[in-house]
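Visitor: One structure, as structure tokens, below. Some questions next.
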Amino acid sequence: MQISDLAKLPYLVFADEQGNIYDHPYLRMAGAVGERIVSVDGACLIPLPEYSKLFFLPGCLPIGMDPETGRFVVLDSIEAGGKRFRPCAVAAFLEPGYVRTHLPAAEYSEKRYYLPMWSYTAVGFAEDGYLAAGFQIEYCERWDPRNYDDQQLLPAIEAFLSEVHDGPLVRHLVRCATDNHCFAAKNLFLRRWEAPLPVSRACNAACLGCLSAQPDGLFDASHDRLDFCPSKEEIVKIAVGHLEVAEDAIVSFGQGCEGEPLTEARLIAESVAEIRSVTNRGTINLNTNGSLPGAVETIAEAGLDSIRISLNSARSDFYRAYYRPRGYDFEDVVESIKIARKNGLYTMVNLLVFPGVSDQEEEIEALIGLIKETDLNFLHLKNLNIDPAYYLECMPSSGSEPVGMRKMTEILRSAHPNLQLGYFNQPVRKSGTGHEA
Ligand code: SF4
């Protein structure tokens, strides 16, 4: 970027220890790509989407850029709001459907704790408001936060419990909808779109950023993991009830509040077969780590429609460093993707992306190879929710250059023009129009 353009960048934002946010009068925002502090290209800046959140990062000094020299400056003291203090960096969490391009520029060396699991994004302030580093990969009405007004939810839950069904799994999903604000759980009670079917208590991986279990105790899991196994009868009742009435209906095994659904493969396969013996409507989907190819095949044969397999990387050493798999390996996951395609499932990979790692040349090359080898249908680009410093500390070192997240998507599109890129699960059997596709 030319020095003359630097003054046009948004201003650095920072916070005090109480979380009051200020914009700097002179320094401009910077971003980070992996461990490298960089200026943020204007093409990567968007007005902060309305349903995003702002965070301040206690103990992390903000890094800004001097627009006259282009040099990066660690801001260790500032006067604002009538007081002098050590400032904290500020980050944004983007609304669903947006891919972040830059991490916040922050000095983490004094931090003595782990940040909770959110995807921290660079943000600055300009005349018209906050600007964040990212781009929209998909808009989907079904996941638009504007369509999740809780005023409709509570009466819908009451009606569901009295008119439709009550049971241990439904009670669990009431807590997911009301305490954890899970959109999928809300959809069950609102009788529309994608609804959840959590079933598993155990997992065969130990992901650094697992939402439902953090055995190392470095930070709190954000969700309580399911602590019972639902009955097949209740699973089928919930699923059939949803598939038969909901528009664009999907029921999904594999949720943030459970372990790995493939550990309950027989229960899922029997449930899927029974659901399909009653109704042909809607999509039955499985979100999974894809660790057990044989189990994927069994569930596919039972009548599954789509599968979403999560990965943080197409490079096996990066995969192992994040998933810490037990009793399986990266090659099994690749095999599961192939088996899913062979069995005619709509096959999605949920790629947990992180600027500076996911957009490295080596990663893109590996990803292009994986897509070619497996012929998958859809690639989700999901921002990885994790403390940036922790993730980078745990990943293998690589000298491969990052090309930028936008460029990465362009390269993927041109290498695989038929591959769909997006953010949300897709209904593959239509069910809102009275016929099935
Ligand atoms: S595969 Fe899912 S449930 Fe298992 S550790 Fe990873 S995030 Fe947690």
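Visitor: Exactly one condition in (1) surrounded by fewer than 18 Cβ atoms within 10 Å (Cβ to Cβ); (2) more than 16 Å from the ligand (Cβ to nearest atom) is not met by Leu367; state its number.
Guide: (1)
Visitor: Still on this structure: What's the number of the only condition in (1) within 30 Å of Ala15 (Cβ to Cβ); (2) modelled with pLDDT of 95 or more that Phe160 fails to meet?
Guide: (1)
Visitor: Another one. For Phe56, work out the one condition from (1) among the aromatic types (Phe, Trp, Tyr); (2) crowded, with 21+ Cβ neighbours inside 10 Å; (3) under 15 Å from Tyr22 (Cβ atoms) it doesn't fulfil.
Guide: That leaves (2) as the condition not met.
Visitor: When you check Asn204 against the structure, is it within 20 Å of Phe424 (Cβ to Cβ), in contact (Cβ under 8 Å) with a residue 60 or more places away in the chain and within 16 Å of the ligand (Cβ to nearest atom), yes or no?
Guide: So Asn204 does not fit the description; no.
Visitor: Does Ala249 satisfy the criteria of being closer than 20 Å to Pro96 by Cβ and away from the ligand (no atom under 16 Å from the Cβ)?
Guide: yes
Visitor: Name the residue that is nearest to the ligand (Cβ to nearest atom), counting only residues in the stretch 255-270 that are free of Cβ contacts under 8 Å to residues at least 60 places away in the same chain and closer than 19 Å to Val240 by Cβ.
Guide: Ala269
Visitor: In this structure, is Ala213 near the ligand (Cβ under 9 Å from one of its atoms), open to solvent by 10 Å² or more (accessible area, probe 1.4 Å), touching a residue at least 60 places away in the same chain (Cβ under 8 Å) and out of contact with any Ser or Thr (no Cβ under 6 Å at 6 or more places or on another chain)?
Guide: no
Visitor: Within the stretch 119-164, which residues are among the β-branched types (Val, Ile, Thr) and within 30 Å of Leu412 (Cα to Cα)?
Guide: Matches in the stretch 119-164: Thr121, Val123, Ile137.
Visitor: Would you check which residues across the stretch 12-21 are under 28 Å from the mean Cα position of the chain (by Cα) and within 17 Å of Gly64 (Cα to Cα) and list them?
Guide: Leu12, Val13, Phe14, Ala15, Ile21
Visitor: Considering the stretch 336-354 alone, what residues qualify as being of a type in the set (Phe, Trp, Tyr) and open to solvent by less than 20 Å² (accessible area, probe 1.4 Å)?
Guide: The answer is Phe354, and nothing else.
Visitor: Only one residue in Tyr114, Tyr120 is surrounded by fewer than 20 Cβ atoms within 10 Å (Cβ to Cβ), among the hydroxyl-bearing types (Ser, Thr, Tyr) and touching a helix residue (DSSP H, G or I) at 6+ places or on another chain (Cβ under 8 Å), so which one is that?
Guide: Result of the check over Tyr114, Tyr120: Tyr114.
Visitor: Being under 20 Å from the mean Cα position of the chain (by Cα), surrounded by 24 or more Cβ atoms within 10 Å (Cβ to Cβ) and not hydroxyl-bearing (Ser, Thr, Tyr), is that true of even one residue in the stretch 326-335?
Guide: Yes, the stretch 326-335 contains a residue that is under 20 Å from the mean Cα position of the chain (by Cα), surrounded by 24 or more Cβ atoms within 10 Å (Cβ to Cβ) and not hydroxyl-bearing (Ser, Thr, Tyr).
Visitor: Looking at (1) open to solvent by 20 Å² or more (accessible area, probe 1.4 Å); (2) farther than 27 Å from Leu45 by Cα; (3) within 16 Å of the ligand (Cβ to nearest atom); (4) under 17 Å from the mean Cα position of the chain (by Cα), can you tell me which one Gln426 breaks?
Guide: (3)
Visitor: Residue check: is Pro62 touching a helix residue (DSSP H, G or I) at 6+ places or on another chain (Cβ under 7 Å) and either in a strand (DSSP E or B) or buried (at least 18 other Cβ atoms within 10 Å of the Cβ) (or both)?
Guide: Criteria not met by Pro62.
Visitor: Find the residue count for the stretch 298-315, including only residues that are within 16 Å of the ligand (Cβ to nearest atom) and among the polar types (S, T, N, Q).
Guide: Counting residues in the stretch 298-315 that are within 16 Å of the ligand (Cβ to nearest atom) and among the polar types (S, T, N, Q) gives 3.
Visitor: Related question: Tell me the residue from Ser277, Ser231, Ser291, Ser222 that is within 16 Å of the ligand (Cβ to nearest atom), in the same structural domain as Asn350 (by TED's automatic domain parsing) and modelled with pLDDT of 95 or more, please.
Guide: Ser291
Visitor: Could I ask something else about it? Note down all Cβ pairs under 8 Å where the first residue falls in the stretch 236-249 and is in contact (Cβ under 8 Å) with a residue 12 or more places away in the chain and within 22 Å of Arg266 (Cα to Cα), the second is in a helix (DSSP H, G or I) and open to solvent by 10 Å² or more (accessible area, probe 1.4 Å), and they're at least six residues apart or on different chains.
Guide: Qualifying pairs under 8 Å: Val236/Glu274; Val236/Val278; Val240/Val278; Gly241/Val164.
The values are calculated or read from the model by the stated rules, or taken from the named source; none is laboratory data. Keep in mind that what you see is a predicted model, and the values were worked out from it rather than measured. Here Cβ is always computed from backbone atoms with ideal geometry, including for glycine, and neighbour counts include all displayed protein chains. Note: areas computed on protein heavy atoms with side chains; ligands, DNA, RNA excluded. Shrake-Rupley method; radii C 1.70, N 1.55, O 1.52, S 1.80 Å.
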